[in-house]
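What follows is one structure encoded as structure tokens, with my remarks underneath.
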Amino acid sequence: MTQNSVKRMIQQYRCPIIVFAKKSINSRYFGLGSNCLLKLPYYKTINFVTLSNISSNMTRENVREKVALIGSGNWGTVISKIIGNNVMRYKEFHQEVKMWVFEEKVGGRNLTELINEKHENVKYLPGFPIPENVKALPDLSEVVRDATVLVFCIPHQFVPKTCDQLKGKINPKAKAISLVKGFETDETGIRPMSHAISESLNIPVCSLSGANIANEIAEEHFSETTIGYNNLEEGELFKKLFETKYFRVGIIDDVVGVQLCGALKNVIAIGAGFVDGLKLGENAKAAIIRIGFFEMKQFMKKFYGGIKDETFFESCGIADVIATCYGGRNRKVAEKFVTTGKSFDQLEEELLNGQKLQGTLTVKEIHRVLSSKGINDEFKLFTTIYRIAFEGLPPKSIVENID
Ligand SMILES: NC(=O)c1ccc[n+]([C@@H]2O[C@H](COP(=O)([O-])OP(=O)(O)OC[C@H]3O[C@@H](n4cnc5c(N)ncnc54)[C@H](O)[C@@H]3O)[C@@H](O)[C@H]2O)c1
């Protein structure tokens, strides 16, 4: 290596450290050493590494992924803990994570200030520490500036507006992953969140979904999740960003399948909640889960070709259906819907402390699509759940209207 090429390397990487080279642990320092250094006196000697290591370390340094987390609700906050710790573990990532917080007042103070001061999201995940390298910010543009990895974790109804705000502000080479459970609909069918984000921002988008009840993962209880990837390299990078000992990541090349399972299982969970409210027991609930799982699969295959059968047996599939039908917020609120007679909007307000109930929105969206295609009869359970939730059909129809 010539003196000029060393100079170029130093300038390119803006690094003040190029020193000696050694061929291997056992050989003596040679070559480049003192001659270069004498002529580059302002560069300090701090380390002994091989030139190939210097160059590859610097290249990695130069392309370190900067992670922006868009969202800070219950799940978003758990994710901030996971990725905040993981960016410290791997050289592929820059060590700070910027987290967008939809600003609100808590006890008269801004939530962002409280998070940055206490390193805890006192509203959406009280009692669990957030790593200090996670910085909460209310300004979306500032969060995504220079970011190369965007992690979307907001309720799906807020995705379109958030993407509009991001247009023209993101790094064109950025890639994203959507943890959002939900999709958009129109008369012609459904649009997965990954497509909505990708089309709006013109970047590739992977998906992550699984049997992941946020508070259990905050407690570091074991769980699995699934990442759907477009290309293996991205899948592996995201696995690195998310996997921990207690949060095991599987990857599969089915971006759409992974996220649609995550959206549709909320509908089944509402059906399971009705059964719980009616106290019909575990056999009836298992039947609703089985039929719901079948309709979920039919629905996805009808609207999207290319969804893999294997996806339904990953964490994002059957495992998430089970977890949500036993533990999730949609099940809980649907049970109360039956036992109190209150509306879902009222129960969301009373029971969830700002968290969003996505299942009821998804129930409406599915019904809209099925009605516009005139195929409600092919999805009797989904249709019955809609009619109980929004058209006053008695809850016991859940087991009367299905084949
Ligand atoms: N909580 C879980 O157990 C869990 C697990 C897996 C996936 N998810 C999914 O993750 C996504 C995020 O859910 P969560 O649990 O982090 O959120 P959440 O329901 O706990 O909180 C709602 C969030 O929305 C924000 N918000 C309110 N109004 C907004 C607006 N106008 N624009 C943007 N944001 C606004 C709130 O500040 C808050 O951060 C959802 O799609 C959810 O289905 C949740």
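Worth pointing out:
- Residue in the range 268-283 that is nearest to the chain's Cα centre (by Cα), counting only those that are more than 21 Å from residue 298 (Cβ to Cβ) and assigned to a helix (DSSP H, G or I): 273
- One residue alone among 154, 70, 115, 83 is touching a Cys at 6+ places or on another chain (Cβ under 9 Å), of a type outside the set (Lys, Arg) and at negative phi, and that residue is 70.
- When residues of the range 305-339 are limited to those that are part of a loop (DSSP other than H, G, I, E, B) and open to solvent by less than 50 Å² (accessible area, probe 1.4 Å), the one modelled with the highest pLDDT: 307
- The criterion of being open to solvent by 60 Å² or more (accessible area, probe 1.4 Å), in a helix (DSSP H, G or I) and either of a type in the set (Phe, Trp, Tyr) or free of Cβ contacts under 8 Å to residues at least 40 places away in the same chain (or both) does not hold for residue 368.
- Restricting 314, 350 to residues that are within 16 Å of the ligand (Cβ to nearest atom), farther than 30 Å from residue 251 by Cβ and outside the structural domain of residue 247 (by TED's automatic domain parsing) narrows the list to 350.
- When 122, 144, 151 are checked against the criterion of being within 11 Å of the ligand (Cβ to nearest atom) and under 30 Å from residue 362 (Cα atoms), a single residue qualifies: 151.
- Test: residue in the range 185-198 that is surrounded by 16 or more Cβ atoms within 10 Å (Cβ to Cβ) and out of contact with any strand residue (DSSP E or B) (no Cβ under 8 Å at 6 or more places or on another chain): no
- Selection of the range 322-349 for residues being over 20 Å from the mean Cα position of the chain (by Cα) and of a type in the set (A, V, I, L, M) yields 333, 334, 338, 347.
- Of all residues in the range 327-342, those being free of Cβ contacts under 8 Å to residues at least 40 places away in the same chain and among the small types (Gly, Ala, Ser) number 1.
- With respect to the conditions (1) under 18 Å from residue 255 (Cβ atoms); (2) touching a residue at least 40 places away in the same chain (Cβ under 8 Å), residue 191 lacks only one, and its number is (2).
- For the residues 245, 265, 297, the requirement of being out of contact with any Pro (no Cβ under 6 Å at 6 or more places or on another chain), surrounded by 21 or more Cβ atoms within 10 Å (Cβ to Cβ) and among the basic types (Lys, Arg) singles out 265.
- Considering residues of the range 212-228 that are within 11 Å of the ligand (Cβ to nearest atom) and surrounded by 24 or more Cβ atoms within 10 Å (Cβ to Cβ) only, the residue nearest to residue 307 (Cα to Cα): 225
- Failed item in (1) crowded, with 19+ Cβ neighbours inside 10 Å; (2) in a loop (DSSP other than H, G, I, E, B), with residue 342 passing the rest: (1)
- Residue 120 vs. criteria closer than 28 Å to residue 236 by Cβ and either of a type in the set (Phe, Trp, Tyr) or over 16 Å from the mean Cα position of the chain (by Cα) (or both): no
- In the range 73-95 there is at least one residue that is closer than 22 Å to residue 215 by Cβ, assigned by TED's automatic domain parsing to the domain that holds residue 243 and more than 16 Å from the ligand (Cβ to nearest atom).
- When the range 343-365 is filtered for residues that are without any contact (Cβ under 8 Å) to a residue 40 or more places away in the chain and of a type in the set (Lys, Arg), only 364 remains.
- Residue, modelled with the lowest pLDDT, within the range 145-183, restricted to residues that are among the polar types (S, T, N, Q), touching a helix residue (DSSP H, G or I) at 6+ places or on another chain (Cβ under 7 Å) and surrounded by fewer than 17 Cβ atoms within 10 Å (Cβ to Cβ): 157
- Flag for residue 262 being out of contact with any Asp or Glu (no Cβ under 8 Å at 6 or more places or on another chain) and among the small types (Gly, Ala, Ser): no
The values are calculated or read from the model by the stated rules, or taken from the named source; none is laboratory data. Small disclaimer: the values here were computed from a predicted structure and weren't measured. Counting neighbours? That spans all protein chains shown, and the Cβs are built from the backbone with ideal geometry, glycine included. The area values use the complete protein model at the heavy-atom level, side chains included, leaving out ligands, DNA and RNA. Shrake-Rupley method; radii C 1.70, N 1.55, O 1.52, S 1.80 Å.
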